[in-house]
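Below: one structure, written as structure tokens.
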Amino acid sequence: MLKLKYNLWFGVYENGKVKVSKNLKESFSKAENPEPLPFSVSEMGTDIFGKKYYEELRRIAIDHAEELVEGELKREDRYVIALVRSLDELNRTINLLDEKLRDLKEIKESAIVRDFEEKILDLKRFRGELEKEIESVMRKIAPNLSEIVGEKIAARLLEKVGSLEKLAELPASTIQVIGAERSLFKALSRIRRGKEAKVPKHGVIFQHPFIKGLPKRKRGKMARFMASKLAIAARIDYFKGELYEKLAEEVRKKYEKLSRNPK
Amino acid sequence: MKNFREILNNVFLDEERKRILTKSPYPPHYGERKIDGYREWIPTRSKLAAVLLKGYRIDLKPNTKMLYLGAASGTTVSHISDILTKGIIYAIEYSAKPFVKFLKLARERKNIIPILADASQPQKYSGIVEKVDFIYQDIAQRNQIEIFRENFRFFAKDKALGLIFVKARSIDSTRDPEEIYKDVINELKRDFEILSYDDLSPYHKDHIFVYVRWRK
């Protein structure tokens, strides 16, 4: 028997009849179906709402979108930061468990040891999923940062700073050394005491192949350039949220120029 | 205006100044100029404007029903809304931030239904969007063709039209764009008839559009 039940934005269609929802906003948010509908929603809806179908649909859609937007804007950066921290913890745990597993295996390969190994593999699979989720949220809330340095590094910057809002307020020179605070302050205190010091060229962003991949003497230049674009990207992401492909392109060009140029 | 030629419902080509405009009773949406009831349609901001300015004709009628994937802040949708005077646009966008501005547009125009959802999951809005004549996609994701096809499966009328924009670098940043485009066309050919395609230069770099008709 075919199960003929469909969730429509204005109610549920079942056994040839529509049960109109009492709360349209709620039914709108639950209008999910695993497969395409064999009819057009609007035809069925016009039977109920008549000429006012689109007016009604539009009103509910706008109300619903407004609520969602408000909620999402508040939560998403905190969500991604919490995910990044969970990922760190998970990595630590996996390493630790791997070590214990190795110890166990050397002593005896029992059923429980194999079980243990299976559980660790499960965790590793889950780690992959967690990383994917971080990437997808970052694309959404920070498309420009993600395009320039990749979702992972962008998420790490966000985690270090605490929120997209704060990141958008930082000058490029600070973004350049996020994650290298210790060596920065060490250098600064040496300078204060009148001694020679090495100021760090890069922090978190060093992980990016465009910096790591260059010879040492060019890394500072690249890091400075990248940080200046990241500062702009963070502001666009925070205030506008739309992707400007030019930024990432400029960074790539700079890298290509630096990696070609022998000086 | 005398020297404007109408190339589509409410879309006018100003041959002298090489620009297109849509006739619109509404105020500017993204900083475009408004001249005597016409809004200038800027090809570097809107890919559809680039397609039209390059001389390609896309079949949009006043009563076309459209599903638009990747509405962003509504630059292009605002002009399509001027064209589809008796039609309807279901506009899907995943990101909340640009949607704030989009909602301003949706409140102003009667023919836009805004939906904040992930275009790769059409089942999530399957009880909202009706069967449509046209599916437009501008989302720059690696699996965007699969997403395009899934949305056709869910929402396209027989022989529905589609317009998809592909950015080579968002599919694979290491391969030659020309090769990627070839693959894209071949992949689309499985389910679609290809009506036209071209790059968007000089208005947009590294992009192509493909205009198709669903085989079913």
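Brief remarks follow.
- Percent of Cα-Cα distances greater than 36 Å, calculated over the protein assembly as shown: 41
- Exceedance of the 20 Å cut-off in Cα-Cα distance is limited, within the set A:166/B:104; B:18/B:61; A:253/B:18; B:54/B:101; A:254/B:205; A:212/A:246, to A:166/B:104; B:18/B:61; A:253/B:18; B:54/B:101; A:212/A:246.
- Given a 1.4 Å probe and the protein chains as shown, residue A:104 ends up with an accessible area of around 70 Å².
- Of interest is the spacing of the C-alpha centroids, which for the range A:89-117 and the range A:52-84 amounts to 44 Å.
- Amide H to amide H distances under 5 Å link residue B:65 with B:88, B:133, B:134, where only residues 5 or more positions off or on other chains count and H is placed in the peptide plane.
- Surface composition of chain A: carbon plus sulfur atoms contribute 52% of the solvent-accessible area (1.4 Å probe, protein chains only, all chains present).
- For GluC sites (Glu not before Pro), no site in the range B:62-153 is both called loop by DSSP and has at most 13 other Cβ atoms within 10 Å.
- Relative to one another, the C-alpha centroids of the range A:196-260 and the range B:198-216 are positioned 31 Å apart.
- For the range B:53-214, the calculated P(r), taken from all Cα-Cα distances in 5 Å bins from zero up to the bin holding the longest distance, is 2, 9, 19, 22, 22, 16, 8, 2, 0 percent.
- Heavy-atom accessible surface of the protein assembly as shown, averaged per residue, reaches 52 Å², computed with a 1.4 Å probe.
- Projected label distance in nm at residue A:106 and residue A:78, using a 7 Å step from Cα toward the beta-carbon: 4.6
- Calculated from backbone phi, Karplus (6.51, -1.76, 1.60) coupling profile of the range B:17-23 in Hz, x at Gly/Pro: 9, 6, 9, 10, 9, 10, 6
- Fraction of accessible area attributable to carbon and sulfur, the range B:1-91 (%, probe 1.4 Å): 47
- In the range B:110-134, burial by the other protein chains removes 30 Å² or more of accessible area from B:110, B:113, B:114, B:116, B:123, B:124, B:126, B:127, B:128, B:130, B:131, compared with the chain on its own (1.4 Å probe, ligands and nucleic acids ignored).
- Shape box of chain A [Cα atoms, principal axes, largest first, Å]: 82, 57, 37
- P(r) histogram, all alpha-carbon pairs of the range B:147-216 included - 10 Å bins from 0, percent: 20, 50, 26, 4
- Converting phi to 3J(HN,Hα) with the Karplus coefficients 6.51, -1.76 and 1.60 and the offset θ = phi - 60°, the range A:81-93 yields 5, 4, 5, 4, 5, 5, 4, 4, 4, 4, 4, 4, 4 Hz in sequence order, with x at every glycine or proline.
- Judged by the ratio a/c of the largest to the smallest principal axis of the C-alpha gyration tensor, the range A:216-263 counts as oblate, that ratio being 1.5 or greater while a/b is no larger than b/c.
- 3J(HN,Hα) couplings calculated from phi for the range A:166-181 with the Karplus curve 6.51 cos²θ - 1.76 cosθ + 1.60 (θ = phi - 60°) are, in sequence order, 5, 4, 5, 8, 7, x, 4, 4, 6, 4, 4, 10, 4, x, 10, 4 Hz; Gly and Pro show x.
The values are calculated or read from the model by the stated rules, or taken from the named source; none is laboratory data. Please read all numbers here as calculations on a predicted model, not as lab measurements. Cβ atoms come from the backbone with ideal geometry, glycine included; neighbour counts cover every protein chain shown. These area figures cover heavy atoms from the full protein model, side chains too; ligands, DNA and RNA do not enter into them. Shrake-Rupley method; radii C 1.70, N 1.55, O 1.52, S 1.80 Å.
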